[in-house]
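Where a number appears in this text, it was derived from the coordinates with a stated rule and is not lab data. Source: prediction; values computed, not measured. Cβ atoms come from the backbone with ideal geometry, glycine included; neighbour counts cover every protein chain shown.
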Amino acid sequence: MTDGTAAAQEARQRAGLTDHDLTSIELACQRLVYEFGRQVDANTPGGVADLFTADAVFVRGRAVASGRREIGASIAPAPAGTKRLHIYTNLVITALSATTAIGTCYYQAYRFDETATPAELSPSVIGHITDQFTRLGGRWLIDRRDQIRIARARGAA
């Protein structure tokens, strides 16, 4: 999962990161990406906000949320009877130091009517995410997230 570019390799060498350090950082940051989707899908905006630093920035198009409170408030709950499912792919994490990392991935968001039998699945959005991660107090957190919508289904928010 590491970024193999010469510049990234050089930055890691300057930071004195071992292969074990790199793997630990990558796994911790990957978990944040996946946990974000899990918390959104579970309709827990507070859980989403807890994945960010206190002064984090979350950018979605023209909407910018700053700080945990705004980030949590920016996560709209799914309508009653509707479930969401976020899927992340092509995830690449690059450790820059023992306390900073960056990552990119693509995402797909689906929604479905849980009252229908069988459930009716609707693709909603596909996009690209760029994250900046910071380690504070021994815990990795998202410091900045830029979420770019590439395409959306008709009627999707």
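Highest GNM mean-square fluctuation among Asp21, Asp131, Asp50, for the chain modelled with Cα contacts below 10 Å: Asp21.
Note on Glu35 and Ser66: with the Förster distance fixed at 30 Å, the Cβ-Cβ geometry gives a FRET efficiency of about 0.90. Once the Cα-Cα distance is subtracted from the 0.36 nm per residue extended length, the Ala151 to Lys83 segment shows a gain of 22.5 nm. Rounded to the nearest 0.05, what FRET efficiency is calculated for Thr23 and Gln108 with R0 set to 25 Å and r the Cβ-Cβ distance? Between Thr23 and Gln108 the formula returns 0.40.
If R0 is taken as 35 Å, the Cβ-Cβ distance between Thr117 and Asp55 corresponds to a FRET efficiency of 0.15. Between Ala42, Ala15, Ala80, the GNM of the chain built on Cα springs shorter than 10 angstrom shows Ala80 fluctuating the most.
How much net charge surrounds Arg69 when only the other residues with a Cβ under 12 Å from the Cβ of Arg69 are counted, with Lys and Arg +1 and Asp and Glu -1?
-2
Fully extending the segment from Ser97 to Ala76 would add 4.2 nm, taking 0.36 nm per residue of separation and subtracting the current Cα-Cα distance.
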